[in-house]
1. Could you tally the net charge around residue 170, taking each other residue with its Cβ under 11 Å from the Cβ of residue 170, Lys/Arg +1 and Asp/Glu -1?
2. Using only DSSP helix segments of four residues or longer, with each worth -39500 (n - 2.57), what per-residue ellipticity at 222 nm results for the chain after dividing by its residue count and rounding to 500?
3. Under 1.5 on a/c is rounded, so check that first for segment 143-212, then, if it is not, pick prolate when a/b is larger than b/c and oblate when it is not; a ≥ b ≥ c are the square roots of the alpha carbon gyration tensor eigenvalues.
4. Relative to the longest principal axis of the C-alpha atoms of the chain, give the angle of the C-alpha long axis of helix 86-97, reported between 0 and 90° and rounded to the nearest 10°.
5. Taking 7 Å along the Cα-to-C-beta vector as the label spot, tell me the residue 110-residue 27 distance in nanometres, rounded to one decimal.
6. Kindly identify segment 111-258 as rounded, prolate or oblate by the Cα gyration tensor criterion: order the square roots of the eigenvalues as a ≥ b ≥ c, call it rounded if a/c is under 1.5, otherwise compare a/b with b/c, prolate if a/b is larger, else oblate.
7. Taking the Cα centre of each part, how many Å lie between segment 172-196 and segment 19-63?
8. By how many degrees, 0 to 90 and rounded to 10, does the Cα axis of helix 260-272 deviate from the longest principal axis of the chain?
Amino acid sequence: MSKQIVRKAVIPAAGLGTRFLPATKAIPKEMIPIVDVPMIQHIVEEAVRSGITDIVLITARNKEAIENHFDFSYELEDTLEKKEKKDLLEISRSIGKMCNLISVRQKMPLGLGHAVLCAAPVIGNEPFAVLLGDDLIDSKVPCTQQLCEIYARENASVVGVMEVPAAEVSKYGIVGGDMLRAGLMHVKRLVEKPAMADAPSRYAIPGRYVLSPSIFECLRNTKPGKGGEIQLTDALQLLAEREKLLAFQFEGTRYDTGDRLGFIDATLAFALRRPDLAAGVREIMKRHLEIRG
Ligand code: G1P
């Protein structure tokens with residue numbers, strides 16, 4: 001594997017978002033905001049802050065709102081310019097300028113592995129990052145950048161991991177292998193959403209990967225697995241048998257925004273960090289806690 005800079009990322013966004021119904025009946029779940037920033041923008045910002053320039057968005061029908069969000073909005077921006085609302089104009093324009101967005105349709109819902117495989121013609125023979133939209137990771141150094149640094153140093157594919165309680169291993173792809181040093185594992189085994197008894201460790205993958213393009217050949221050879229879907233985790237098992245695959249315990253706080261409580265957790269955490277909102281949010285929380293006891 002040759003040493004290359006990671007400049008492309010795949011963001012799968014083709015799911016129906018049924019876990020968030022009714023909110024997702026007519027709008028993509030990726031457009032639901034954490035405070036006032038759509039979830040997908042948080043993810044794209046992480047990628048861009050990590051040095052990614054080209055984002056391959058895997059979409060499906062009814063996801064056009066995401067593409068519009070990362071485009072310029074002529075009517076809105078013209079109106080803001082005429083009204084001299086410079087701050088809002090800058091917010092809107094900066095999103096349009098953020099990255100090159102390349103949309104690829106996943107025409108059949110065959111699983112996360114299949115979604116990533118849809119990006120193969122755009123990625124070509126380069127290493128690339130994968131960021132899953134339900135996982136928001138708040139960290140000083142963006143999680144994807146932490147993984148890109150490991151990729152560059154070790155010249156090996158790497159998945160971000162976090163330790164989870166035994167009762168939660170069945171929610172994630174779980175890795176097992178040999179610890180090379182604190183926080184870095186040489187991965188030998190991966191299992192998608194194992195029962196507690198079958199989990200090779202308690203190190204879970206919360207949706208951040210930097211992968212060599214060999215993963216595409218592995219994905220092509222991956223049979224449907226858990227839930228009858230082509231799983232990225234199963235393809236990573238094939239990759240681990242061919243090339244070095246690492247797992248890195250990244251620094252940062254992860255929010256599961258695909259879960260209602262995780263979403264509320266992220267919303268409060270992000271609101272409390274905003275100088276324009278923090279005091280007001282504290283007041284509101286205090287009031288609710290007093291009323292409800
Ligand atoms: C997917 C992956 C799983 C990973 C998880 C992280 O599962 O298949 O390996 O741990 O994302 O959020 P999903 O939660 O989409 O079912």
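1. Working: positive: 171, 193, 226; negative: 168, 192, 198.
Computed value for this residue: 0.
2. Working: 11 runs with 105 residues, N = 293.
Computed ellipticity for the chain at 222 nm equals -10500 deg cm²/dmol.
3. On the way: a/c = 2.18, a/b = 1.81, b/c = 1.21.
Prolate is the answer for segment 143-212, as a/c is 1.5 or above and a/b outweighs b/c.
4. Around 20 degrees separate the two axes.
5. 3.2
6. On the way: a/c = 1.29, a/b = 1.08, b/c = 1.20.
Here segment 111-258 falls in the rounded category.
7. Taking the Cα centre of each part, segment 172-196 and segment 19-63 sit 28 Å apart.
8. 60
Read-outs throughout are calculated quantities, based only on the coordinates presented, and are distinct from any laboratory measurement. Fair warning: this is a prediction, and the values are worked out from it, not measured in the lab. Every residue, glycine among them, receives a Cβ derived from its backbone with ideal geometry; neighbour counts consider all protein chains shown.
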